[in-house]
2 protein chains.
Amino acid sequence: MSKTTIVNFNDLKIACENCSLSRLCLPMGLEQSDIERLDQIVSRSKPYHRNDYLFREGDTFKGIYAVKTGSIKTYVSREDGSDQVLGFHLPGEIIGLDAIEAGVHGCTAKILETTAVCLIPYEKLEKLSVEIPSLQHQMFRLMSREISNESNMLILLGKKNADERLATFLLSLSQRYKQRGFSSQEFNLSMSRNEIGNYLGLAVETISRLFTRFQDEGILKVERKHVELLDIEALKRISSHCSQNDSSSKSSASI
Amino acid sequence: MSKTTIVNFNDLKIACENCSLSRLCLPMGLEQSDIERLDQIVSRSKPYHRNDYLFREGDTFKGIYAVKTGSIKTYVSREDGSDQVLGFHLPGEIIGLDAIEAGVHGCTAKILETTAVCLIPYEKLEKLSVEIPSLQHQMFRLMSREISNESNMLILLGKKNADERLATFLLSLSQRYKQRGFSSQEFNLSMSRNEIGNYLGLAVETISRLFTRFQDEGILKVERKHVELLDIEALKRISSHCSQNDSSSKSSASI
DNA sequence: TCGATTCATTGACATGCATCAATAAATTCG
DNA sequence: CGAATTTATTGATGCATGTCAATGAATCGA
């Protein structure tokens, strides 16, 4: 039943100082000796599997999680039973920072594909941050980044049309995979069309149609979960709604 | 020309420990002695006036600001020249936390009405946070709250219709005014219809029509900038799109 | 104080995307 | 393996909200 193998069990044991993600993750910018101290409060999880919950809305907040491998979606449930996807989280990304104030999680974190995480218990982290100023500094930076990222989502949801939203989303994934040493041109979507649509404030059908159209236009190739971005420049143009003209054709507005 | 009077000049000089906003603001939960230390790094501004900039996108980040009186909007400019309003900030609220990581402001803060702020220089604040664990704690809480508030905006922009958006917005103002000791039923909007629409991802005309309709339905009274909420329960029902029926009438959908 | 500008309101009309529906393809599970 | 379920695709249609336009009200600036 267990999918644990010797290989990924070894992965899980890696200390922060040896972790390939340390450059993106909480230890970013810390000195070796400080990383070692941080490492001692971190606990590494056994793998979670698709549809497991890392935590659920209302759960007591124990600490923040760093994604090690795999991917996770966070979402909030609404009174009427519908959900709003808040984000998709890749290796090196931290989740749970929103729960510090309330002491309980305000969203649910659900596993999209087999995933390992590190738990950094919050009380210990806070104590350590007093002792290690550069850790406090790093926490402030991390939280600040999360806050400043918000404006991109507000622009996306407040101003962008469907084409721009999907293009922006794909470019974000592409760029994040690149940072993590994966291909920026080709990757697998660990989330469904439904989840993408939910996240982007669009209907599933719209996502589906857009994938089809982008493919017809030669911007990408999509086969189920697998996406290949054929024309990243075009996607960039679309995402910031510069006139999406390729050198060749006038935009649809001119007809 | 200057609107400064003896009264508000005195207001400006108030130390954190005597400030009526300390309960909402950065000093929240700090001990007297710690507040005094915080107080020593805070600098109080002279009043800013409508359309002044507190800071602009790209400005070097000096520190975070606490609104003391008045109100401020923050927004980002897009490549095509349009703006996205990120928020409206009332007394006791902190702005600038998003700039910690980048070291430059990623948004512009523009004064909506005569406003005084406190500047908390960031380097000093960070140093002090190492010395005063409860200040560090408070900073983490503050940033966490900002992060968790994001989900409300994502729900609003991702899932809510125009009625729900405006109702949610008015209730948010109402509740924030209440916390600050003002009436929750009656207040002045310091922002234009345009700015409300921009913030909520709606056209000005839609905002205007909604105000008219809400007024016709007896939910509120609006006269230019002045708003009186006559039926807060109805607004709550609308904002979470429970069937918006008052006991009396069927919703418009039933005709 | 008056003209210019900005802001708000209202109506007519257009459209982007949601919704509904049908089907197909993939995945799950007994 | 085959039935049941979930997920994805595609088409037809409708509606909420945007856009355009006209007017009036308020505010600003000289």
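The values are calculated or read from the model by the stated rules, or taken from the named source; none is laboratory data. Computed from a prediction, not measured in an experiment: that's the story for all the values here. As a convention, Cβ positions derive from the backbone with ideal geometry for all residues, glycine included, and neighbour counts pool all protein chains shown. Ligands, DNA and RNA are excluded from the accessible area calculation, which covers all protein heavy atoms including side chains. Shrake-Rupley method; radii C 1.70, N 1.55, O 1.52, S 1.80 Å.
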Answer in debye to the nearest 20: the dipole magnitude of the stretch B:6-157 about its Cα centre, from +1 Lys/Arg and -1 Asp/Glu charges placed on Cβ, is 380 debye
For chain B, whose charge dipole is built from +1 on Lys and Arg Cβ atoms and -1 on Asp and Glu Cβ atoms, the candidate among B:THR168, B:VAL104, B:THR114 with its Cα farthest towards the positive end is B:THR114
For the stretch B:160-254, the dipole about the Cα centre with charges only on Cβ (Lys and Arg +1, Asp and Glu -1), to the nearest 20 debye, works out at 260 debye
Of A:149-156, B:128-135, ordering from highest average Cβ density within 10 Å down gives A:149-156, B:128-135
Longest principal axis of chain B (C-alpha) makes with the long axis of helix B:32-41 (C-alpha) an angle, in degrees to the nearest 10, of 80 degrees
Nearest-0.05 FRET efficiency for B:ALA203 and A:LYS178 at R0 = 30 Å, using Cβ-Cβ distance, is 0.20
Counting other chain Cβ atoms within 10 Å of each Cβ in B:70-80 and taking the mean gives 2
The simple spin-label model distance between B:ARG23 and A:GLU57, using points 7 Å out along Cα→Cβ, in nm, is 3.0 nm
Distance in Å, no decimals, from the C-alpha centre of the stretch A:46-115 to the one of the stretch B:88-142 is 27 Å
Lys and Arg at +1, Asp and Glu at -1: neighbours of B:LEU128 with Cβ under 12 Å from its Cβ sum to -3
Net charge (Lys, Arg +1; Asp, Glu -1) of residues whose beta-carbon lies under 15 Å from that of A:GLU186, A:GLU186 excluded, is +3
With the label set 7 Å along Cα→Cβ, A:PHE182 is separated from its counterparts in the other copies, in nm and shortest first, by 4.8
With +1 on the Cβ of every Lys and Arg and -1 on the Cβ of every Asp and Glu, the dipole magnitude of the protein assembly as shown about its Cα centre, in debye rounded to the nearest 20, is 360 debye
Within 10 Å of the Cβ of an average residue in B:100-106, the count of other chain Cβ atoms is 5
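May I ask you to give the percent of accessible area on chain A that is carbon plus sulfur, with a probe radius of 1.4 Å? Write out the running numbers ahead of the final one.
Numbers: 5860 of 12130 Å².
Within chain A, the accessible surface is 48 percent carbon and sulfur.
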So, with points 7 Å from each Cα along the Cβ direction, the A:THR69-B:ALA15 label distance in nm works out to 5.8 nm
Each residue of B:89-99 has, on average, a number of other protein chain C-beta atoms within 10 Å of its C-beta equal to 2
Pairs over 27 Å Cα to Cα, from A:LYS178/B:LYS110; A:LYS236/B:LYS110; B:LYS110/B:LYS225; A:LYS73/B:LYS62; A:LYS13/A:LYS236, come to A:LYS178/B:LYS110; A:LYS236/B:LYS110; A:LYS73/B:LYS62; A:LYS13/A:LYS236
Note on chain B: contact order normalised by length, alpha-carbon pairs under 8 Å, 6 or more apart, percent, works out to 17 percent
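Could you check how many percent of all C-alpha pairs in the stretch A:16-96 are farther apart than 16 Å?
Percentage above 16 Å: 59.
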Each label sits 7 Å from Cα toward the beta-carbon; between A:GLU228 and B:VAL104 the label points are separated, in nm, by 3.8 nm
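What net charge is computed for the residues neighbouring B:PHE169, neighbours being all others with C-beta under 14 Å from the C-beta of B:PHE169, Lys and Arg scored +1, Asp and Glu -1?
Working: positive: B:LYS73, B:LYS160, B:ARG165, B:ARG176, B:ARG193, B:LYS236; negative: B:ASP163, B:GLU164, B:GLU195.
Net local charge, B:PHE169 excluded: +3.
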So, in nm and shortest first, the distances from B:HIS226 to its counterparts in the other copies, with label points 7 Å along Cα→Cβ, work out as 6.7
Probe 1.4 Å, protein heavy atoms only: A and B together bury a total accessible area in Å², to the nearest 100, of 4200 Å²
In degrees rounded to 10, the 0-90 angle between helix B:122-131 Cα long axis and the longest Cα principal axis of chain B is 70 degrees
Among A:ILE196, A:SER239, A:GLN215, the residue whose Cα sits farthest towards the positive end of the charge dipole of the stretch A:160-248 (+1 at Cβ of Lys and Arg, -1 at Cβ of Asp and Glu, taken about the Cα centre) is A:ILE196
Expressed per residue, the solvent accessible area of chain B in Å² (1.4 Å probe) is about 48 Å²
Sorted shortest first, the nm distances from the A:GLU131 label point (7 Å along Cα→Cβ) to its counterparts in the other copies are 2.2
